[in-house]
1. For THR112, list long-range residues whose amide hydrogen, built 1.01 Å from N in the peptide plane, is under 5 Å from its own amide hydrogen.
2. Apply the Karplus curve 6.51 cos²θ - 1.76 cosθ + 1.60, θ = phi - 60°, to the phi angles in segment 124-138 and return the couplings in whole Hz, x for Gly and Pro.
3. Got a sec? How would HIS69, HIS63 order by Cβ neighbour count within 10 Å, fewest to most?
4. From the phi angles alone, apply the Karplus equation (6.51, -1.76, 1.60; θ = phi - 60°) to segment 169-178 and give each ³J(HN,Hα) in whole Hz, x where the residue is Gly or Pro.
5. Run a plain Debye calculation on segment 29-113 (Cα atoms as equal point scatterers, no solvent) and give log10 I(q)/I(0) at q = 0.26 Å⁻¹, rounded to two decimals, same order as the q list.
6. So in segment 119-192, what percent of DSSP beta bridges are antiparallel if you round to the nearest 5?
7. Which residues' amide hydrogens lie under 5 Å from the amide hydrogen of VAL107, considering only partners 5 or more residues apart or on another chain, with H built in the peptide plane?
8. Once R0 is set to 22 Å, what does the formula 1/(1 + (r/R0)^6) return for the Cβ-Cβ distance between ASN124 and GLU66, expressed as a FRET efficiency to the nearest 0.05?
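Any read-out appearing in this document is the output of simple, stated calculations on the displayed coordinates, not a laboratory observation. Everything quoted here is computed from the prediction, not taken from an experiment. Here Cβ is always computed from backbone atoms with ideal geometry, including for glycine, and neighbour counts include all displayed protein chains.
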Amino acid sequence: MKKIFILMLLCQNLLLVACTTVKPKGPAITEQLLSEERRSRDVILSDRMIEAEAYSELNSERHVREQCHVNINVFNATVLVTGQAPSEELSKNIITIVQAIANVKLVHNNLTIDYPADVAARRNDLLITDGVKTALNQIRSIPDFYPSMIKVATDNGVVYLMGLVHREEGNIAIKITQLQPGVKEIVTVFEYMD
């Protein structure tokens with residue numbers, strides 16, 4: 001039994017260390033979700049398709065799959081690419097692949113030239129992301145603002161905030177994020193409505 005448990009832990013860690021992730025899934029696009037979104041149903045679906053295609057294309061590249069750790073986040077056809085690639089050549093290859101995807105209007109390249117982050121760093125990033133999302137859920141002072149309007153991603157302690165927001169909303173989200181433990185830096189990829 002102990003051997004099986006250890007084997008399961010090893011398999012879990014191997015999955016976490018994998019270079020790119022399986023294609024993303026999002027919550028069902030319900031009327032509730034749409035009421036808390038500034039994107040239309042079609043834009044949300046397009047964003048999900050861009051994300052899924054990016055992961056599929058990157059996973060089909062052996063060198064990217066085996067040597068890199070890549071995160072793809074899409075909001076309103078703007079793609080945020082984060083993670084690590086061990087060489088400038090691989091980094092450029094990743095960005096070229098993402099830029100070639102249909103309906104992508106802008107790509108933010110935030111890849112670092114480094115070896116993939118270890119499991120502990122990735123777990124820490126998940127904790128930071130959860131902390132920021134929880135803090136954003138406490139915002140009650142802005143009319144017609146829903147925390148789901150801001151997409152949060154973290155890589156090596158750098159928090160990325162994406163969304164279609166008013167400047168006041170963006171500024172409050174930044175201030176709240178700054179207060180969260182473990183945040184080394186904040187990068188905003190907002191589209192401002194005003």
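1. GLY83, GLN84, ALA85
2. So the J values, rounded to whole Hz, are 4, 4, 4, 5, 5, 4, 4, x, 5, 4, 4, 5, 5, 5, 8.
3. Details: HIS69 26, HIS63 15.
So the ranking, lowest neighbour count to highest, is HIS63, HIS69.
4. Rounded to whole hertz, the list is 4, x, 5, 5, 4, 5, 4, 5, 5, 4.
5. For segment 29-113, the Cα-only Debye profile gives -1.22.
6. On the way: 6 of 14 bridges.
In segment 119-192, approximately 45 percent of DSSP beta bridges are antiparallel ones.
7. Here VAL79 satisfy the definition.
8. On the way: r = 24 Å, r/R0 = 1.08.
Plugging the Cβ-Cβ distance into 1/(1 + (r/R0)^6) gives 0.40.
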